[in-house]
Each structure stands twice: as C-alpha cells, then as structure tokens.
Amino acid sequence: MSAELLDTAVKVAHEAGKLLLEHFRKPAEGVESKSTPTDLVSAADRASEALILDMIAAERPDDGVLSEEGGGEAGSGLLWVVDPLDGTVNFLFGIPAWAVSVAVEDENGALVAAVHQPTTGETFTAMRGQGAHLNERPIHVSHRDELSSALVGTGFAYDSRAREVQAVVVSRVLPKARDIRRAGSAALDLAATACGRLDAFYEAPMERWDKAAGILLIQEAGGVVTLLPPPLNHLSPGVIAGNRALHEQLRSLVYRG
C-alpha cells in the first residue's frame, strides 16, 4: 500500500509541476493577497491545486485532502496534505526555488512524502521505515556536529508582528552558525536538510502543508524533528530539524519554552 501511495504522490507532484512550469516566468494572473499583503496566491496556485485534487479524487476517491488553498479532512483514514505551490512569492518573482509538496498521513503521521522541484527536476521521496531518497538515490542528513560550522536554513512569517520576534531569534542564531540561508520555500528547505545541503533548519510558524512531507523526509534521512512554538500564540507551530547534535544546539537558541 505505501509503495502505491508514494507512486501516486510522485505522479501527482510531477503533473502539477509540469502545469506550473507552463505558467512560470509568464505574466502573473489572478494574484491576490491572503492573510497579509505579502501573503500571495495566484491563478497558478489554484490551477495546480485543481489538478492535484482531480488526480487524487480519480485514484483515491475515499481519501481526505487538506490543501493550502482549500480541501477538507474526511474519508478513509488516509489524508493527503498538499501544498500545490510552495514558494509562491519566488514563483511570481521568477526565482526558481519553488516546489510541489505532497504527503499522505494516517493516524500515526506522515506515511509517504514527495517534494518535487520542477525547475531542477529533483524529486525527494520518503516512506515511513524505508528511508529517504533524491531521484531514487538514498540521502542522509548532515554529519556536521558543531553549530559554528553549520549552514542553517530558516524562513519568515507574513505577519509583521511575528517577523519582529523572528528577527530577535535570528540575531541569536547568526553569530553562532557558519551562516543562515532563507530560500523562500519551506518544503525545499526541509528537503535540503534531509539531503545535507543544509545542516539544520528551524522555522515557526509553519502550516501543516508546509511541513508534512518535509518532516518525514528528514526523519527517514536519519534526522531529528521537534515542534517549535510559534512567535505568536494564534499561529501554528513550526519545527527544529537536523542531526541530533545540531538539533540540540539549535534548540537551545530558538526555543521559547
């Protein structure tokens, strides 16, 4: 069952990626703000979601779907958690760091995951208990164990009040790390952590569709992931991720508990 679900997840992500490439670096259509003026959605997001929902309905009609742009939780006990375009701002500005993120969850969490970056042709996949892969090659988190030599990824919220808190946190991390990277796609940041391009990652808030696939990728790549409380109480928790040594060092700097 897991292998079949992963095959479907990869197929869905690839087909959505093809559609998005047709829109990429063309005049943007249907751009609107969501939670804040900087939180954008476009016709490309909606078209990708519609394609994904149609494909899942055709192949897995009894499963539930939770997507960034809509959907709901219902069905067979399996839930597809989908971000049809993670990195919308990058997409709209012609920056190629964006992805399609697809996870399938059961009562124990993510069962399979696929994160596809159409602009590079890279597809990150994982199945619970079966490891993580990049284009079918096994991947593993970084073995670097000192934060002072680590490249750390993060992201920033759309809410200006949350950004004020995040600015304080990053000011604590930056002097202790080799450097900070902010790519603009949480799904790709988590995938990069899973394959060792980033040594560690933290971000809060993160919505469920931002992190569902990436968490499984990192766990199956030998990493540790724990929840990070949000900068404001009404927002969703994020994650701290990396190998065990870096996870603990990073946690001591960013955790608000």
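Tell me which residues, restricted to the stretch 47-62, are surrounded by 19 or more Cβ atoms within 10 Å (Cβ to Cβ) and small (Gly, Ala, Ser).
Scanning the stretch 47-62 gives 47, 48.
Being in contact (Cβ under 8 Å) with a residue 24 or more places away in the chain and within 17 Å of the chain's Cα centre (by Cα) is the filter; apply it to the stretch 129-138 and report the residue that is surrounded by the fewest Cβ atoms within 10 Å (Cβ to Cβ).
By that ranking, first place goes to 134.
Looking at 155, 223, 214, which is the one that is out of contact with any His (no Cβ under 8 Å at 6 or more places or on another chain) and closer than 19 Å to residue 254 by Cα?
155
How many residues, within the stretch 134-154, are hydroxyl-bearing (Ser, Thr, Tyr) and not in a loop (DSSP other than H, G, I, E, B)?
Final tally of qualifying residues: 2.
All but one of (1) closer than 29 Å to residue 92 by Cβ; (2) touching a Gly at 6+ places or on another chain (Cβ under 6 Å) hold for residue 220; which doesn't?
Answer for residue 220: the failing condition is (1).
Could you grab me the full set of residues in the stretch 207-242 that are under 17 Å from residue 151 (Cβ atoms) and surrounded by fewer than 16 Cβ atoms within 10 Å (Cβ to Cβ)?
Residues satisfying the conditions do not exist here.
Suppose the filter is under 26 Å from residue 225 (Cα atoms), outside the structural domain of residue 208 (by TED's automatic domain parsing), at pLDDT below 95 and surrounded by fewer than 18 Cβ atoms within 10 Å (Cβ to Cβ); does residue 107 pass it? Reasoning before the result, please.
Numbers: under 26 Å from residue 225 (Cα atoms): yes; outside the structural domain of residue 208 (by TED's automatic domain parsing): yes; at pLDDT below 95: yes; surrounded by fewer than 18 Cβ atoms within 10 Å (Cβ to Cβ): yes.
Considered against the rule, which asks whether it is under 26 Å from residue 225 (Cα atoms), outside the structural domain of residue 208 (by TED's automatic domain parsing), at pLDDT below 95 and surrounded by fewer than 18 Cβ atoms within 10 Å (Cβ to Cβ), residue 107 comes out as yes.
Surrounded by fewer than 13 Cβ atoms within 10 Å (Cβ to Cβ), under 30 Å from residue 82 (Cβ atoms) and among the hydroxyl-bearing types (Ser, Thr, Tyr): is that true of residue 171 in this structure? Quick ask: steps written out before the conclusion?
Numbers: surrounded by fewer than 13 Cβ atoms within 10 Å (Cβ to Cβ): yes; under 30 Å from residue 82 (Cβ atoms): no; among the hydroxyl-bearing types (Ser, Thr, Tyr): yes.
So residue 171 does not fit the description; no.
The values are calculated or read from the model by the stated rules, or taken from the named source; none is laboratory data. Remember, predicted model here, so these are calculated numbers, not experimental data. In this analysis, Cβ positions are derived from the backbone assuming ideal geometry, glycine residues included, and neighbour counts consider all displayed protein chains.
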